[in-house]
1. Determine the shape class of segment 262-309: with a ≥ b ≥ c the square roots of the Cα gyration tensor eigenvalues, call it rounded for a/c under 1.5, and otherwise prolate if a/b is greater than b/c, oblate otherwise.
2. Starting from 0.36 nm per residue, how many nanometres of slack lie between D61 and R282 once their C-alpha separation is accounted for?
3. Using label points projected 7 Å from each Cα along Cα→Cβ, tell me how many nm separate L143 and I201, to one decimal.
4. Test of understanding: what is the full-extension gain from D301 to T251, defined as 0.36 nm times their sequence separation minus their Cα-Cα distance?
5. For the chain, which longest stretch is free of loop sites, where a loop site is one of the chymotrypsin sites (Phe, Trp or Tyr not before Pro) that DSSP puts outside H, G, I, E and B and that has at most 11 other Cβ atoms within 10 Å?
6. What shape does segment 13-117 have by the C-alpha gyration tensor, where a ≥ b ≥ c are the square roots of the eigenvalues, rounded means a/c under 1.5, and otherwise prolate means a/b greater than b/c and oblate the rest?
7. Please report, in debye to the nearest 20, how large the charge dipole of segment 169-309 is about its Cα centre when each Lys and Arg carries +1 at its beta carbon and each Asp and Glu carries -1 there.
8. Which residues' amide hydrogens lie under 5 Å from the amide hydrogen of G198, considering only partners 5 or more residues apart or on another chain, with H built in the peptide plane?
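The values are calculated or read from the model by the stated rules, or taken from the named source; none is laboratory data. Keep in mind the model is a prediction, meaning the values are calculated, not measured. Backbone-built Cβ (ideal geometry, glycine too); neighbour counts: all protein chains shown. When the accessible area is computed, the model is the full protein with side chains, heavy atoms only, and any ligands, DNA or RNA have been set aside. Shrake-Rupley method; radii C 1.70, N 1.55, O 1.52, S 1.80 Å.
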Amino acid sequence: ATTKTSIGNFDFENCFMNAAGVYCYDRNELEQLINSQAGTFVTKTATLQPRPGNPEPRYHDTALGSINSMGLPNLGFDYYLDYLLELQKTHPHRTFFFSLVGMSTEDTHALLKKVQESDFKGITELNLSCPNVPGKPQIAYDLETTEKLLADIFSYFKKPLGVKLPPYFDIVHFDQAATVFNKFPLTFINCINSIGNGLVIEDESVVIKPKNGFGGIGGEYIKPTALANVHAFYQRLNPSIKIIGTGGVLTGQDAFEHILCGASMVQIGTTLHKEGPVAFERITNELKDIMDKKGYKTIEDFRGKLKYL
Ligand SMILES: O=C(O)c1[nH]c(=O)[nH]c(=O)c1Cl
């Protein structure tokens, strides 16, 4: 079996990659992803200026997953664009993802105009779902603002673009969100970001410093919500808008379920943070074993074919 996939006009040797924020802060980490079994990588979400992020401790692993309130620490847009342009010379046949978001609407447009005018040939992931910047809402929970933002963006942005979404929890919200996304030539949507503003306690204390311990939840806790978001949008979106499945992937079986729900690419966050890039080899082999046992040659043989009772 092969776990290769395609998104838009891009082909990838493997349908696994990191989730933005994990193992993608600088050239050192991104190089490790390039040299791993991952099919591609996405950068840490970049902002116009570098950001130190929230006070530490701001990330904590638990038995069932993780909680984080990083606060968008990153080396700034130019650092990541420079590296991505260098990779276009050293790895001309590979396509990478550039995650970004502005701290204001004006900044978001400034960033995307810089990408549009640059020689960047990869895919842009606009992060509409960071839950950890105090005072800043998760943009994609405001569908009116999201529609206006996308309408303005697509008036000038002509390169491949997808959006990173927070989890939705109401069927009506799936309907309303899909109605908005279907209006635009999106290359993909990525479901889901961490479940925002959870609380993890050890003994009598929170485990992270920012926001009195409130942070985004990842890992085993979130797979049912992640699968539901992947499948809800798979059922509702134009087939031209691919779906990246993120959330709760620890094994090949978890990845199989994301693809069964409609995902064309699977991102790994918490498990990558805990295990390192070798996780890509393990999970890829586990998925290939499952496919071989079931007689599936490619992921298209079962993608989206979730059975109902
Ligand atoms: O705190 C963060 O940096 C962060 N953490 C997340 O769990 N998701 C995001 O999109 C971001 Cl931007």
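1. Prolate is the answer for segment 262-309, as a/c is 1.5 or above and a/b outweighs b/c.
2. Separation in residues times 0.36 nm, less the Cα-Cα distance, equals 77.5 nm.
3. 3.5
4. Separation in residues times 0.36 nm, less the Cα-Cα distance, equals 16.0 nm.
5. Between exposed loop sites, the widest span is 1-155.
6. It is oblate, given that a/c is not under 1.5 and a/b is not larger than b/c.
7. About 540 debye.
8. G215, G216, I217
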